[in-house]
Amino acid sequence: MSDLEKRFDLKSLVDKLEKTGDLSDEEFEALIYSEDAEFSDYLKERARAVREKHYGKDVYIRGLIEFTNVCKNNCKYCGIRCGNKNAERYRLTKEEILSCCDMGYELGFRTFVLQGGEDPFFDDDMMVEIIKEIKKNHPDCALTLSIGEKERDTYKRFYDAGADRYLLRHETADKAHYEKLHPADMSFEHRMNCLKDLKEIGYQVGCGMMVGSPYQTKEHIIKDLRFLREFKPEMVGIGPFIPHHDTEYKDEQAGSVDLTIRLLSIIRLLLPDVLLPATTALGTLDPRGREKGIEAGANVVMPNLSPTNVRDKYLLYDNKICTGDEAAECIRCMEMRVESVGYKVVQSRGDHESVH
Ligand code: SAH
């Protein structure tokens with residue numbers, strides 16, 4: 001036991017987190033880094049109990065459509081940053097995007113997530129057209145966008161066109177750390193402002209951080225947790241950092257699966273009814289990563305609906321899983337995985353509880 005652990009009764013810290021959602025920095029540190037197995041089990045058990053109180057055994061599926069890997073940004077950790085001349089670029093046509101949704105609908109999906117690089121080819125008018133068409137074809141579905149930083153007016157236009165949700169990870173809540181991970185033309189303030197705008201406009205908003213990104217310290221993680229508590233997003237997407245061979249971080253260590261899982265449980269207690277995905281990055285580092293995430297309090301999985309001929313090109317990091325499977329196989333595989341740990345994939349929009 002470390003000194004820090006000796007000073008705290010870890011179980012009572014979990015109870016305090018569950019009751020108040022608030023801990024001191026030292027208390028957070030003790031929770032995040034404890035190596036006590038009995039405590040780990042207790043934390044997961046409480047996270048699962050809170051998750052089941054709000055969502056039962058249901059796991060929501062989101063159909064992820066990675067519609068372009070062209071990006072004007074040069075985030076230092078990302079395999080599709082514009083500076084990577086080795087990335088083979090692609091764009092889906094509007095028709096291809098719509099047919100991904102149709103196929104997804106047949107397979108039972110009721111949420112589509114359009115994710116991509118920041119690709120100027122898809123200008124505001126074109127995005128509005130795509131959003132309207134998807135919502136017209138599938139009015140009972142929720143539409144999520146994850147296409148990076150835009151201006152407020154643009155976010156408003158997309159919302160008015162029918163987009164319901166927006167995922168924009170904050171990546172790190174520490175300004176100096178953010179600036180290390182991004183080139184000088186990107187700004188921490190702008191990203192944070194985007195999140196604020198999205199929320200004010202009325203989107204259900206998702207943010208989140210990479211776990212174990214280069215230069216990340218325990219202070220950064222505590223800051224991330226405090227930011228999440230204060231911002232109260234409807235969704236939190238976290239996953240381990242994984243190096244990509246064509247980035248300057250190619251020799252950096254990947255983030256830890258155990259730490260990611262620990263943080264999933266802590267976030268579940270911090271924001272009891274949050275939508276919390278067990279991410280592909282977690283499944284990439286550990287074959288049972290997503291199952292472990294669900295056992296730790298996650299309640300969302302995001303199988304890939306992109307056409308197979310582009311799957312292996314949306315590579316944010318190395319060794320990404322599921323790049324060869326058809327969508328139908330992906331969902332079946334996911335259902336089996338979810339059932340293997342006692343939960344059930346449901347066909348519903350799976351809105352955040354407060355939105356019904
Ligand atoms: N362009 C959009 C979508 C980004 S991709 C946007 O800016 O929001 C989705 C997420 O993948 C990113 O927010 C980042 O957190 C994650 N990601 C990127 N590179 C990664 C890497 N090397 N390892 C793990 N996660 C990574």
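Any read-out appearing in this document is the output of simple, stated calculations on the displayed coordinates, not a laboratory observation. Just so you know, these numbers come straight off a predicted model, no measurement behind them. Cβ coordinates were reconstructed from backbone atoms using ideal geometry, including for glycine residues, and neighbour counts include every protein chain displayed.
Find the helices (runs of 4 or more DSSP H) located wholly in the range 23-108 whose residues include 3 or more that are more than 30 Å from residue 186 (Cβ to Cβ) and aromatic (Phe, Trp, Tyr), and list them.
By residue number, 37-55.
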Is it true that some residue in the range 54-71 is touching a Pro at 6+ places or on another chain (Cβ under 7 Å), over 29 Å from residue 141 (Cα atoms) and within 16 Å of the ligand (Cβ to nearest atom)?
-> no
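For the range 258-279, indicate whether the set of residues that are within 12 Å of the ligand (Cβ to nearest atom), buried (at least 21 other Cβ atoms within 10 Å of the Cβ), of a type in the set (Val, Ile, Thr) and in a helix (DSSP H, G or I) is non-empty.
In the first step, residues of the range 258-279 are kept if they are within 12 Å of the ligand (Cβ to nearest atom); the result is 260, 277, 279.
Checking the rest, the ones that are also buried (at least 21 other Cβ atoms within 10 Å of the Cβ) come to 260, 277, 279.
Narrowing the set further to residues that are of a type in the set (Val, Ile, Thr) leaves 260, 279.
Then keep just the ones that are in a helix (DSSP H, G or I); that gives 260.
Yes, that holds for at least one residue.
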Where residues in the range 296-339 are without any contact (Cβ under 8 Å) to a residue 24 or more places away in the chain and assigned to a loop (DSSP other than H, G, I, E, B), which of them is farthest from residue 212 (Cα to Cα)?
-> 326
Tell me which residues, restricted to the range 202-241, are among the β-branched types (Val, Ile, Thr) and out of contact with any Gly (no Cβ under 7 Å at 6 or more places or on another chain).
-> 205, 217, 221, 222
Taking the condition of a type outside the set (Lys, Arg) and within 17 Å of the chain's Cα centre (by Cα), does residue 312 pass?
-> no
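Listed here are the residues, each with its yes/no results for (1) in contact with a helix residue (DSSP H, G or I) (Cβ under 8 Å, 6 or more places away or on another chain); (2) surrounded by fewer than 16 Cβ atoms within 10 Å (Cβ to Cβ); (3) more than 30 Å from residue 251 (Cβ to Cβ).
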| site | (1), (2), (3) |
| --- | --- |
| 15 | yes, yes, yes |
| 53 | no, yes, yes |
| 56 | no, yes, yes |
| 59 | yes, no, yes |
| 66 | yes, no, no |
| 70 | no, no, no |
| 73 | no, no, no |
Just one of the numbered conditions (1) within 16 Å of the ligand (Cβ to nearest atom); (2) in contact with a Phe, Trp or Tyr (Cβ under 9 Å, 6 or more places away or on another chain) is not true of residue 319; which one?
-> (2)
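Which one is farthest from residue 223 (Cα to Cα), of the residues in the range 233-257 that are within 11 Å of the chain's Cα centre (by Cα) and more than 9 Å from the ligand (Cβ to nearest atom)?
Filtering the range 233-257 down to residues within 11 Å of the chain's Cα centre (by Cα) leaves 235-240.
Those left that are additionally more than 9 Å from the ligand (Cβ to nearest atom): 235-236.
Numbers: 235: 18, 236: 15 Å.
Among residues in the range 233-257 that are within 11 Å of the chain's Cα centre (by Cα) and more than 9 Å from the ligand (Cβ to nearest atom), the one farthest from residue 223 (Cα to Cα) is 235.
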Would you point out which residue out of 218, 232 is at positive phi, surrounded by fewer than 24 Cβ atoms within 10 Å (Cβ to Cβ) and out of contact with any His (no Cβ under 8 Å at 6 or more places or on another chain)?
-> 232
Under 7 Å by Cβ, and 6 or more places apart or on different chains, what pairs join a residue from the range 36-49 that is crowded, with 16+ Cβ neighbours inside 10 Å with one that is among the β-branched types (Val, Ile, Thr)?
-> 42/14; 43/14; 46/14
The range 73-110, subset closer than 30 Å to residue 180 by Cβ and away from the ligand (no atom under 16 Å from the Cβ), residue farthest from the chain's Cα centre (by Cα) | 85
Qualifying residue in the range 264-275 (condition: basic (Lys, Arg), within 26 Å of residue 194 (Cα to Cα) and in contact (Cβ under 8 Å) with a residue 24 or more places away in the chain) = yes
Among (1) touching a strand residue (DSSP E or B) at 6+ places or on another chain (Cβ under 8 Å); (2) free of Cβ contacts under 8 Å to residues at least 40 places away in the same chain; (3) of a type in the set (S, T, N, Q), which single condition is residue 99 missing?
-> (1)
Exactly one condition in (1) touching a helix residue (DSSP H, G or I) at 6+ places or on another chain (Cβ under 6 Å); (2) surrounded by fewer than 18 Cβ atoms within 10 Å (Cβ to Cβ); (3) under 22 Å from residue 165 (Cβ atoms) is not met by residue 205; state its number.
-> (2)
In the range 132-144, what residues are away from the ligand (no atom under 16 Å from the Cβ) and either of a type in the set (A, V, I, L, M, F, W, C) or not in a helix (DSSP H, G or I) (or both)?
-> 134, 138, 139, 140, 141, 142
